[in-house]
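Remarks on the structure that follows.
The values are calculated or read from the model by the stated rules, or taken from the named source; none is laboratory data. Given the structure is predicted, the values throughout are model-derived calculations rather than measurements. Don't worry about glycine lacking a Cβ; one is built from the backbone with ideal geometry, like all the others, and counts go over all protein chains shown. Remember, those area values only see protein heavy atoms, side chains included, never the ligands or the DNA or RNA. Shrake-Rupley method; radii C 1.70, N 1.55, O 1.52, S 1.80 Å.
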Amino acid sequence: MTSADSTPPSPVPLVVDLDGTLTRTDLLAETASRFLLDRPLHALKLVAWLSEGRSRLKRHLAEATRIDASVLPYNESLLAWLRAEKAKGRRLVLATASHRSLADQVAAHLGLFDEVLASEDGLNLKSRAKRDALVARYGEHGFDYVGNDWPDLAVWAAAAQAHIVGGSPRLLAAVRAQGRLGRQFDDGRPAPGLALLRAMRPHQWLKNLLILIPLLASHRYGAGGSLLQVVLAFVVFGLTASSVYLINDLVDVADDRAHERKRHRPLAAGHLPLAHAWIAWPALLALAAAVSGLWMPWRFTACLAVYFLLTVAYSLALKRVPLLDVITLAALYTLRIIAGGIAIGVALSFWLLSFSMFLFLSLAFIKRYSELLAALDSGHSGALRGRGYGPQDLALVSSLGGAAGYLSVLVLALYIQDSHTAALYAQPKFIWLACPLLLYWISRAWLVAHRGQMHDDPVVFALKDRTSWVVVTLFLLAFVLAKVAV
């Protein structure tokens, strides 16, 4: 933004657009997305409503959904300037193509605007319709206007000064050509491709390395065909996981905006339009399904379908059900291991699956514990938003999670005595070295969580934690010794 000054207020009112200007999101997209998520079986209603006209569509969606104006991703640099203009006594007007009920909520929350003009039945207040309404009120060149997109060109042409938020070089050139360019504000958005990549969370693909475990556990890491199948399985699960992350962020967008860290996610922050996410997630899923259907066993594709459906169920409902949510998370991690076994045609042992369920159940409890503790530390005394836990559950979550982690150590110890283990390893007794290492790591993870220093995703914490890498290296070394020692 250009630097502020102490000049007296302009005598003409300052008119501000809402979607993409005052906020980094579009309220039509917000309400349509919310409607589709809340009532997926009524999706065809959108087509019927649109056939009645865009103003009717906006009215129906505004009536059928709710938005929280207090957490919308506002353009803070623009807001700071508007507050300064308001303090000088300037008249501010919110003029938007969004439905009036939504615009009124935004105006009431901000407390800045003297008047609100918005779409209503029979009137879609956009482009020329907005220009005509403003000219009728204030006269040709009787107002300044802040906009952000090509439909605003018609309004800028009738304004005394044209202020712009973001905008492509072509749009800026078009506004300059009108000869009324005023202030320019950064919209704070990264490149669309970068925002989409961030929303896909490729760093989370590291969790899919669990697919390698059956290959390592069966000691088939030298088989080229098996390795290729595992690589394909890793890519397919990564694409599917990214599809689900986009769905999850669409579902949680309002809750994420109220979260200290998650509000910076691309969808919550308005860096990635919701419409782009609605296009991207089915495209990623279709690509994953195509690769899996062409080159992977049918049972792997079935496992992938179960994984996708379970993750969607988790995003839509299960994560709000106490205890069932953490069991679901543990099952999703274990499904990756099952898929890895199917990909290379290896039967998985009872010990491996039991170990996975207990270990990842403990990590899921750490995730919930950390969220609860962070909410308490920030002064939040009620139930977690979008979750089924409250402060009174902190001690129970801690005890259940610690118990699950220690049970995974017990399963590992019992595995050492299994006859199948003796057939795989020359000296199984060396695996005993892995037990105290795992005990230490689980205990330390809970200690870090109790101190409030845990990332709310313990797997991400482990990937960034040097001590965890040392423990994992020593853990694997214990199995190597068990294999090669004589």
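Couple of notes before you dig in:
- Where Tyr245, Tyr406 fall by accessible area, highest first, once all protein chains stay in place (1.4 Å): Tyr406, Tyr245
- Inter-part distance where segment 190-234 and segment 82-129 are each reduced to a Cα centre, Å: 48
- Directionally averaged projected area (segment 196-303, Cα convex hull): 7.6 nm².
- Here segment 1-141 carries DSSP beta bridges of which approximately 20% are antiparallel, counting only pairs with both residues inside.
- Using a cutoff of 8 angstrom between alpha carbon atoms and counting only pairs six or more residues apart, the relative contact order for segment 96-231 works out to 14 percent.
- Relative packing of 246-254, 131-139, which averages over residues the other C-beta atoms within 10 Å, highest first: 246-254, 131-139
- Trypsin sites (Lys or Arg not before Pro) within segment 412-483, DSSP loop, no more than 14 other Cβ atoms inside 10 Å: Arg451
- Estimated [θ] at 222 nm from DSSP helical runs (n ≥ 4, -39500 (n - 2.57)) normalised by residues in the chain, nearest 500: -19500 deg cm²/dmol
- Mean-position separation - Cα centroids, segment 170-187 and segment 344-368, in angstrom: 57
- Annotation: extensible slack from Trp278 through Ala108 equals 58.2 nm (criterion: 0.36 nm per residue apart, minus Cα-Cα distance).
- Residues whose placed amide H lies under 5 Å from that of Phe185, excluding near-sequence neighbours: Ile164, Val165, Gly166
- Considering only the chain, percent of DSSP beta bridges that pair antiparallel, nearest 5: 10
- Note on segment 24-54 and segment 308-335: Cα centroid distance 27 Å, given to the nearest whole angstrom.
- Heavy-atom surface analysis with a 1.4 Å probe gives segment 117-192 a carbon and sulfur content of 49 percent of its accessible area.
- Histogrammed with a bin width of 5 Å, the alpha carbon distances of segment 244-387 distribute as 2, 9, 14, 17, 18, 16, 12, 7, 3, 1, 0 percent, first bin at zero.
- If R0 equals 45 Å, the separation of the Cβ atoms of Leu46 and Trp432 corresponds to a calculated FRET efficiency of about 0.15.
- Its relative contact order, with pairs defined as Cα atoms under 8 Å and 6+ residues apart, puts segment 358-486 at 32 percent.
- Rg/Rg_ref, segment 141-204, where Rg_ref = 2.2 N^0.38 Å and atoms are Cα: 1.42
- Extended-chain gain in nm, criterion 0.36 nm per residue less alpha-carbon gap, Leu316 and Ala136: 60.1 nm
- In nm, spacing of pseudo-spin labels at Leu37 and Ser419 (7 Å Cα→C-beta vector): 5.3
- Under the Debye formula (equal points on every Cα, no solvent term), log10 I(q)/I(0) of segment 358-455 at q = 0.12, 0.16, 0.18, 0.23 Å⁻¹: -0.48, -0.69, -0.80, -1.10
- From the largest down, segment 209-264 spans 49, 17, 14 angstrom on the principal axes of its Cα atoms.
- Accessible carbon and sulfur surface of segment 401-479 relative to its total accessible area, %, 1.4 Å: 69
- Order by protection proxy (mean Cβ within 10 Å, highest first), peptides 110-117, 94-101: 94-101, 110-117
- The percentage of C-alpha pairs in segment 69-109 whose separation is greater than 14 Å is 57%.
- In the chain, Cα pairs under 8 Å separated by at least six residues give a relative contact order of 11 percent.
- Excluding ligands, DNA and RNA, the accessible surface per residue across the chain is 45 Å² with a 1.4 Å probe.
- Theoretical gain in end-to-end length, Leu376 to Leu294 [0.36 nm per residue, Cα-Cα removed]: 24.6 nm
- Ligands, DNA and RNA left out, the accessible area of segment 297-366 computed with a 1.4 Å probe is 83% carbon and sulfur.
- For segment 232-291, the Rg and Dmax computed from alpha carbons only, in angstrom: 12.5, 38
- FRET efficiency for the Arg66 to Val346 pair, using the beta carbon distance and R₀ = 51 Å, is estimated at 0.55.
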